[in-house]
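Read the structure below first, then the notes.
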Amino acid sequence: MRLALVQAPAAPGDPQENLRRGLALCEDAKADGADLVVFPELWQTGYAPCPTDAAGEQRWRDLATSVHAPWLGAFREAARSLGLAVVTTYMEAHGTGLSNAAAVIDAAGRVVDVYRKVHVCDFLWERVFTPGRRFAAATVETVAGPLRIGVIICFDREQPEACRALALDGAELIVCPNASLLCDDRIGQVRARAFENSVAVAVANYPLPRMNGRSCLFDGRAVHQNRPRDHTIALADGRSRLVLADLDLTALREYRTGSIWGAAHRRPAAYASLTQGVAR
């Protein structure tokens, strides 16, 4: 299957302009043969930070939408009409506040999952978001067939438990909408998450000058015929573009049946401290 990772600028604080750009990018992705398109973090608001003054914060909060609102509805219709699965991102309003969210839309235009960022950057302005409470994979129908997808968002990538939880729930592909500077260490994190879980991991990031691009896909097939294999499928530069990457699902699934990584040799009884938390 072909992934299209959106590495394009968004308009800060302008959901309608970002909708226009987003729908055009979906059309471009389909024209390039994509089966799935993934947007960077908080595409709807252009990852606009929360203002510090009361009036500005209220205007910012008023940008929030919901899964049933027209903004998401337009992406659902685009997915249905194009036959394209879409992972789009937005600021979600709900009963307990606001969330940093991603909607997983299948090629029939159905929302099959809404993921809410668990590891919000509460050391920055993202403290206004309510953290999500789960990591769960969903089965997504694409033109290339059904695929088990998990979602993490940006800082989730820096917590290894996030991808491990999704892998244990059967994720074959983990997508990561992102809004940060992807240094070599962070690219290394993505590669490691793919390697250690025998799962493909894709990141969609904003381009220069705001962020530095480097959208990427690692397919997790790190060994071939008992020899190390470079499982880098795509690693972009900083330019604005659609990053296209082809994922061989048949080969990945075959690899996972015999992999020594992932869940094959875990010893969960020894990991109890991971669920007990640590002092901050």
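Some notes on this structure:
- Any hit, region 182-191, residues being outside any helix (DSSP H, G or I), closer than 23 Å to residue 36 by Cα and at pLDDT 95 or above: yes
- Inspection of region 42-57 finds a residue satisfying the criterion of being touching a residue at least 60 places away in the same chain (Cβ under 8 Å) and closer than 23 Å to residue 109 by Cα.
- Single match in 178, 197, 205 (criterion: more than 12 Å from the chain's Cα centre (by Cα) and at pLDDT 95 or above): 197
- Residue within region 87-98 that is surrounded by fewer than 19 Cβ atoms within 10 Å (Cβ to Cβ), among the aromatic types (Phe, Trp, Tyr), touching a residue at least 12 places away in the same chain (Cβ under 8 Å) and closer than 23 Å to residue 9 by Cβ present: no
- Residue 152 vs. criteria closer than 19 Å to residue 40 by Cβ and either buried (at least 22 other Cβ atoms within 10 Å of the Cβ) or free of Cβ contacts under 8 Å to residues at least 40 places away in the same chain (or both): yes
- Sole exception among (1) at pLDDT 95 or above; (2) in a loop (DSSP other than H, G, I, E, B); (3) within 21 Å of residue 156 (Cα to Cα) for residue 123, by number: (1)
- Filtered residue count, region 202-244, keeping only those that are small (Gly, Ala, Ser), under 22 Å from residue 164 (Cα atoms) and part of a loop (DSSP other than H, G, I, E, B): 3
- When every residue of region 49-63 is checked against the conditions, none turns out to be out of contact with any Cys (no Cβ under 8 Å at 6 or more places or on another chain), at pLDDT 95 or above and within 19 Å of residue 25 (Cβ to Cβ).
- Among the residues listed as 241, 267, the single one being surrounded by 12 or more Cβ atoms within 10 Å (Cβ to Cβ) and either among the charged types (D, E, K, R) or modelled with pLDDT under 95 (or both): 241
- Qualifying residue in region 75-82 (condition: of a type in the set (A, V, I, L, M), at pLDDT 95 or above and touching a Gly at 6+ places or on another chain (Cβ under 9 Å)): yes
- If you go through region 79-118 and keep only what is farther than 21 Å from residue 134 by Cα and out of contact with any helix residue (DSSP H, G or I) (no Cβ under 9 Å at 6 or more places or on another chain), you end up with 80, 81.
The values are calculated or read from the model by the stated rules, or taken from the named source; none is laboratory data. This one's a predicted model, so the numbers in the text were calculated from it and none came from an experiment. Here the Cβ is made from the backbone with ideal geometry for all residues, glycine too, and neighbour counts use every protein chain on show.
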